1. Could you please tell me which pairs satisfy a Cβ distance under 8 Å, a separation of 6+ or placement on different chains, a first residue in the range 92-105 that is under 13 Å from PHE118 (Cα atoms) and part of a helix (DSSP H, G or I), and a second residue that is among the hydroxyl-bearing types (Ser, Thr, Tyr) and modelled with pLDDT of 90 or more?
2. Any idea which residue in the range 506-518 is surrounded by the fewest Cβ atoms within 10 Å (Cβ to Cβ), counting only those that are modelled with pLDDT under 85 and outside any loop (DSSP other than H, G, I, E, B)?
3. Among the listed residues ALA412, ALA366, ALA394, which satisfies the condition of being in a helix (DSSP H, G or I), of a type in the set (Gly, Ala, Ser) and outside the structural domain of ILE315 (by TED's automatic domain parsing)?
4. Taking the range 1-35, which residues are among the hydroxyl-bearing types (Ser, Thr, Tyr) and touching a residue at least 12 places away in the same chain (Cβ under 8 Å)?
5. Residue check: is VAL596 more than 30 Å from LEU494 (Cα to Cα), surrounded by fewer than 15 Cβ atoms within 10 Å (Cβ to Cβ) and either among the aromatic types (Phe, Trp, Tyr) or in contact (Cβ under 8 Å) with a residue 24 or more places away in the chain (or both)?
6. Looking only at the range 9-28, which residues are under 13 Å from ILE388 (Cβ atoms) and surrounded by 15 or more Cβ atoms within 10 Å (Cβ to Cβ)?
7. Could you please let me know if ARG320 is touching a helix residue (DSSP H, G or I) at 6+ places or on another chain (Cβ under 9 Å), surrounded by fewer than 16 Cβ atoms within 10 Å (Cβ to Cβ) and either basic (Lys, Arg) or outside the structural domain of ILE102 (by TED's automatic domain parsing) (or both)?
Amino acid sequence: MNTLRWLVLILLGLAIYAQTFGFGFVFDDNFYILDTSYIKSFDAISPIWAILPKTRLVGIYSFAWNYNIGQLDPRGYHIFNFLVHLLAAGLVWALAALLFKIAGGKSNKPLLQELPFFIALLFLVHPCQTQAVSYISQRFESMAAVFYLGSIYFYLRGRTASLRADKVFLFTCSVGFSLLGILTKETAVTIPLMILAVEFILFNRVPVKSKKSSPRQPYLLISILGVLFVLLLMKMVRTDFFNIYFHFSAPSESHQGDMITGGRYVLTQMRVFLTFLRLLIFPINQNVDYDYPLSTGILAPPLTLVGLCLIGFIIFLIFRLRKEWPLIAFGLAWILITFSINTAPRVNVIFEHKLYLISFGFFLAAVCALSTVIKDRKILFGILITLIAVLSLASYNRNQVWKSELTLWSDAARKSPHKARPYSSLGVAYGMQGDFVQALQNINKAITINPNYAQAYNNRGNTYSKLGNYTQAILDLNKAIAIKPDYTQAYTNLSEVYDKRATVSAQQGNFTQAMPDFNKAIEINPGHAEFYVNRGTCYAQQGDLAQALSDYGKVIAINPDYAEVYYNRAVTYYQLKKYDRAWKDVHRAEELGAAVNLKFISVLRRVSGIE
């Protein structure tokens, strides 16, 4: 029977997500995959920890594994994400079945034995999961969920095991999964709190009638381990509790003009909680980039208080229901505990992928609650099957949005028309397709919405650069840097524009005009080998062979395997009549696979006396 159910799970998952296997890279995939050299070698990953906390370690290594197998073919990355989602659904099924077994009482009637599988199906097909599955970079979320679910599953198995050896093994697995979780994403930090909820709701709800005294519940030990777990997280993300909540201050990327502080962010999450529940119940108007203003007070806007009151009411329900309906209580506790990590301030106040782990608690509580109201097995299963069918269709349709940058940002711009980022990103998407008219139109709209949006000026500068309008490109990139002085990518793009303009001038014979631009490019980005190649070539064309050799030497110092530069330097040595050095560089160029001019080889042989 389980084999047939697994087949249903796999085929239904493929029906929804197989289309995504051919989709491209979008949004932050550029940062994590396309525009980074870190994943191209397992040995080269370590420098990225100067940029990212080690809470992304496992995910980054998974990108490197994908690259090692299929380089930048997005199909492998998407298939990996789908397999992770399938594994997460399987763990949801296993964990739900174990919870039903442990809960006993009314929750363990024969009617309810089929419900864990339905919970797994709902988890698999819900449209809110698409952002964590179809968006490659958000495998951080789905992988962390796998480790989170696995940790709680093994803890429950260990808690109910009778043999001491089994307990040791299962608890060790639980700890191992929790550590893997914290090395994947920060969401795993709430695992100790979830284990406390397990103890309180599932194992400490019914008075023990046996004459034997029950073992003391490990609340203190779990609490101590939880504190150590939080301290580990703080060390990994290079911050502390007070900095997170009391010293955080940054412009919001969710609404123009808002300045995020710890207090405002937490208040805003009260409304985000309501939005999350609405998305789980009615998954419509999904958006990759919500325009979401901050809450500035408990009644500003009033929904802030509504969200806070709802959270308080859910806490009341947990205590009220834990004895008679423990699974409903535990599902509600799961929602609150997994949501709690979202109160840690960051520049974006809402993203749908954060619902991935939260959703298990919602489906557990909702299905159990529905089963208490609807006693007829056929009606109950009919409703659940209908829900699964509707949600599957909605997920299939939502996945169409993730097809490309163009479809993704077109959808976001339509749903967040007063926000700059969707238009700026849409402009980049048009530019990638060569439609520069639409590209400039959308980026200009982003700048109109937010005249201080540095990324929009950077994107417009890149667009002008592609059009060959280097003067305007330089103006826009300098504007981006003026707004955001630490904008590394804008500096890199600016140096490349100077190099492009200089190269065009040199090709036209305007060496005097080209040299200041080459110098400026190198001044901005002195570690870029290509700039020295181009300036060296310009020096050689001007007849300044000594300076050309100097630049070629700098290229080789940066990249000892730059084949073409060895050939260029060989030609320069030939011009200086240093034939031995020319031969040495020619041989090195050939070893590295450079295309060597046979006529030049013949001339070099003749003048150096080699036949």
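The values are calculated or read from the model by the stated rules, or taken from the named source; none is laboratory data. None of these values were measured; they are calculated from a predicted model. Backbone-built Cβ (ideal geometry, glycine too); neighbour counts: all protein chains shown.
1. ALA94/TYR153; LEU95/TYR153
2. Here is the first cut: in the range 506-518, the ones modelled with pLDDT under 85 are 506-514, 517-518.
From what is left, the residues that are outside any loop (DSSP other than H, G, I, E, B) are 506-507, 511-514, 517-518.
Details: ALA506: 22, GLN507: 12, PHE511: 17, THR512: 9, GLN513: 14, ALA514: 25, ASP517: 25, PHE518: 26.
The extreme case among them is THR512.
3. On the way: ALA366 fails: outside the structural domain of ILE315 (by TED's automatic domain parsing); ALA394 fails: outside the structural domain of ILE315 (by TED's automatic domain parsing).
Exactly one of ALA412, ALA366, ALA394 is in a helix (DSSP H, G or I), of a type in the set (Gly, Ala, Ser) and outside the structural domain of ILE315 (by TED's automatic domain parsing), namely ALA412.
4. In the first step, residues of the range 1-35 are kept if they are among the hydroxyl-bearing types (Ser, Thr, Tyr); the result is 3, 17, 20, 32.
Listed by number, the residues that qualify are TYR17, THR20, TYR32.
5. On the way: more than 30 Å from LEU494 (Cα to Cα): yes; surrounded by fewer than 15 Cβ atoms within 10 Å (Cβ to Cβ): no; either among the aromatic types (Phe, Trp, Tyr) or in contact (Cβ under 8 Å) with a residue 24 or more places away in the chain (or both): yes.
It is false that VAL596 is more than 30 Å from LEU494 (Cα to Cα), surrounded by fewer than 15 Cβ atoms within 10 Å (Cβ to Cβ) and either among the aromatic types (Phe, Trp, Tyr) or in contact (Cβ under 8 Å) with a residue 24 or more places away in the chain (or both).
6. Passing the criteria: LEU9, LEU12, GLY13, ILE16.
7. Working: touching a helix residue (DSSP H, G or I) at 6+ places or on another chain (Cβ under 9 Å): yes; surrounded by fewer than 16 Cβ atoms within 10 Å (Cβ to Cβ): yes; either basic (Lys, Arg) or outside the structural domain of ILE102 (by TED's automatic domain parsing) (or both): yes.
Yes; evaluated as a whole, the condition is true for this residue.
Residue-wise test of (1) in contact (Cβ under 8 Å) with a residue 24 or more places away in the chain; (2) closer than 30 Å to VAL497 by Cβ; (3) not acidic (Asp, Glu).
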| position | (1), (2), (3) |
| --- | --- |
| ALA366 | yes, no, yes |
| LEU370 | no, no, yes |
| TRP402 | yes, no, yes |
| ASN450 | yes, yes, yes |
